[in-house]
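Heads up: the structure comes next, in structure tokens.
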Amino acid sequence: MGGEQIQPQCPLQILSKKLINPAIPTPHNIRNLKISAIDQFCPPVYLPFIFFYPNFSEKEFPSASKKLEKSLSEILTLFYPLGGRYINDKFSIDCNDDGVEFTETLVQGKLSSVIGRDVDSKQLNHLVPLQFESPASPLVAIQFNIFECGGLAIGFCISHRIVDGFLSTKFIDGWATSCRLGLHKVVQPSFDLPLLFPTREMVPEMKPVPRLVPGLKTVSRTFVFDGLAISTLRKMAEVGKTSRVQLVTAIIWKALIRVSRLRHGEWRPSIICHTMNMRGRTVLPISDDCCGNLFRPVIAKFNPENKCYKVEFHDLVSVIGGAIRNTVADCAKPQSGDDFSSMVIDAWKEAGEEFNKDIDKVDCYGFTSLCRMPIYPDFAWGKPARVTHVQSAVELTMLFDTRDGEGIEAWMSLDENDMNAFQQDSDIMAFTSLVRH
């Protein structure tokens, strides 16, 4: 498994860089948007995506670029805060229409050389426009990468300060819908979360989840669980109704626990943190199309009973299922926005403490899911052949649907010393593929 590694990143030439402004100026009465109390503890990082479209010819690039720019300008009239700038000391967005960054590049080489699932995504960093935020950074940046031998890769970054994974995919899908069908087909988003969860004067200091390990060097791979593999896992689970995400998380966690045993010579306690989208899981009047960060952690723990313990897949499925049910129940309890904010903040504080204690004795892994979210945008030239992320500095697994909607792709960033053993785990070899396109 694994295949050959690609050569270092392809040389890239910037052809143009501009700011795309909203097609209609934002009205002055909505030009200042306070962030919510939940937004306050989100890190100043970008959520990056890369969308690969291999069937592009040279003559198609100019018209495609113009269509993207026009529809981007239009969609910013609905998602108007994304065309502004974040004001750090005021916990607010200046919706000043400064615009989002749009860069066109020419990339030497073939898109086929970077589209394989066994490509370490740190070698794709050059296809994404921005890595880190600064006070004057745009909240959205796009890079239109033209490969000289044909093919297109759209790099996309959006600020995590003001959006979560759910909203980032809603914005991408809205942009694609506007490009393909027109702005009138896009659902109007809501910006009411700060009214329900007002900014707080004081937010407790949060320890990072996943934790930051000094000197950690990660590598990344994409593992594909197709529909047949998930059907087999469901039969193995020996429990009631289980989601695809629950099954895939459990089999990956089982492999990680076994990798840890190989490395340390004994079974070790293990903790995972999944993120849960809270839209539709609260009694509060929250729109399904609300903009902002509205997610909280789901913590599941594995504690070996003795040195001869045998980790079982169905046990982990049950542990994860129980953690999800408890979290869903917690989300339904708060009757006010203030109580809800406190519940979320307390949950993240507790998760940070769990992840950052006993660092030398307990293994911790982060998971997040974008499954059932529109992650394959069709801008009028078909869905992308691949979607991926760039290199992460923490051990993180991101799950999203395969292109056919039946399976799950697991994008994994893992300690480089553990990745080879993980790839060779018997369950990972049996249920996944790392086949190149």
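Just so it is clear, none of the values below were taken in a lab; they were calculated from the coordinates. Treat the numbers as computed from the prediction; the structure is a model and nothing was measured. As a convention, Cβ positions derive from the backbone with ideal geometry for all residues, glycine included, and neighbour counts pool all protein chains shown.
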### Summary
Conditions (1) surrounded by fewer than 20 Cβ atoms within 10 Å (Cβ to Cβ); (2) in contact with a His (Cβ under 7 Å, 6 or more places away or on another chain) -> ASP404 fails only (2)
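Just to check your reading of the model, which residue among SER63, SER36 is closer than 27 Å to ASP346 by Cα, of a type in the set (Ser, Thr, Tyr) and out of contact with any strand residue (DSSP E or B) (no Cβ under 9 Å at 6 or more places or on another chain)? Lay out the reasoning, then the answer.
Details: SER63 fails: closer than 27 Å to ASP346 by Cα.
It is SER36.
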### Task
Find the residue count for region 266-283, including only residues that are under 29 Å from GLY337 (Cα atoms) and either buried (at least 16 other Cβ atoms within 10 Å of the Cβ) or touching a strand residue (DSSP E or B) at 6+ places or on another chain (Cβ under 8 Å) (or both).
10
## Note on the structure
Residue hits (region 363-387; out of contact with any helix residue (DSSP H, G or I) (no Cβ under 8 Å at 6 or more places or on another chain), touching a residue at least 60 places away in the same chain (Cβ under 8 Å) and surrounded by fewer than 18 Cβ atoms within 10 Å (Cβ to Cβ)) are GLY382, ALA385
### Qualifying positions in region 219-239 - β-branched (Val, Ile, Thr) and either within 21 Å of HIS314 (Cβ to Cβ) or more than 23 Å from the chain's Cα centre (by Cα) (or both)
ILE230, THR232, VAL239
### Query
Residues in region 249-263: is at least one part of a helix (DSSP H, G or I) and closer than 30 Å to LEU284 by Cβ?
yes
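Just to verify a result, which residue in region 136-155, among those that are part of a loop (DSSP other than H, G, I, E, B) and not polar (S, T, N, Q), is farthest from LEU19 (Cα to Cα)?
As a first pass, look at region 136-155 and keep what is part of a loop (DSSP other than H, G, I, E, B): 136-139, 148-151.
From the residues that got through so far, the ones that are not polar (S, T, N, Q) too are 136, 138-139, 148-151.
Details: ALA136: 13, PRO138: 9, LEU139: 12, GLU148: 24, CYS149: 27, GLY150: 26, GLY151: 24 Å.
So, considering only residues that are part of a loop (DSSP other than H, G, I, E, B) and not polar (S, T, N, Q), the one farthest from LEU19 (Cα to Cα) is CYS149.
Quick test for you: out of ILE158, ILE172, ILE162, pick the one residue that is assigned to a loop (DSSP other than H, G, I, E, B), within 22 Å of GLU101 (Cα to Cα) and touching a residue at least 24 places away in the same chain (Cβ under 8 Å). Steps first, please.
On the way: ILE158 fails: assigned to a loop (DSSP other than H, G, I, E, B); ILE172 fails: assigned to a loop (DSSP other than H, G, I, E, B).
Every option except ILE162 fails the conditions.
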#### Entry: Residue selected from region 179-209 under the condition under 12 Å from PHE79 (Cα atoms) and touching a helix residue (DSSP H, G or I) at 6+ places or on another chain (Cβ under 8 Å), by the criterion surrounded by the fewest Cβ atoms within 10 Å (Cβ to Cβ)
VAL187
### Query
Which condition number in (1) of a type in the set (D, E, K, R); (2) crowded, with 16+ Cβ neighbours inside 10 Å; (3) out of contact with any strand residue (DSSP E or B) (no Cβ under 7 Å at 6 or more places or on another chain) is the one that ARG296 fails?
(3)
### Message
Please pick out the residue among VAL203, VAL209 that is among the β-branched types (Val, Ile, Thr) and over 25 Å from LEU370 (Cα atoms).
### Response
VAL203
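Just to verify a result, which residue in region 175-195, among those that are part of a loop (DSSP other than H, G, I, E, B) and either polar (S, T, N, Q) or without any contact (Cβ under 8 Å) to a residue 40 or more places away in the chain (or both), is nearest to CYS42 (Cα to Cα)? Outline the logic, then answer.
As a first pass, look at region 175-195 and keep what is part of a loop (DSSP other than H, G, I, E, B): 181-182, 186-189, 191-192.
From what is left, the residues that are either polar (S, T, N, Q) or without any contact (Cβ under 8 Å) to a residue 40 or more places away in the chain (or both) are 181-182, 188.
Numbers: LEU181: 34, GLY182: 33, GLN188: 24 Å.
If we take residues in region 175-195 being part of a loop (DSSP other than H, G, I, E, B) and either polar (S, T, N, Q) or without any contact (Cβ under 8 Å) to a residue 40 or more places away in the chain (or both), then GLN188 is nearest to CYS42 (Cα to Cα).
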### Task
Give the residues of region 22-64 that are among the hydroxyl-bearing types (Ser, Thr, Tyr) and in contact with a Lys or Arg (Cβ under 9 Å, 6 or more places away or on another chain), sorted by residue number.
TYR53
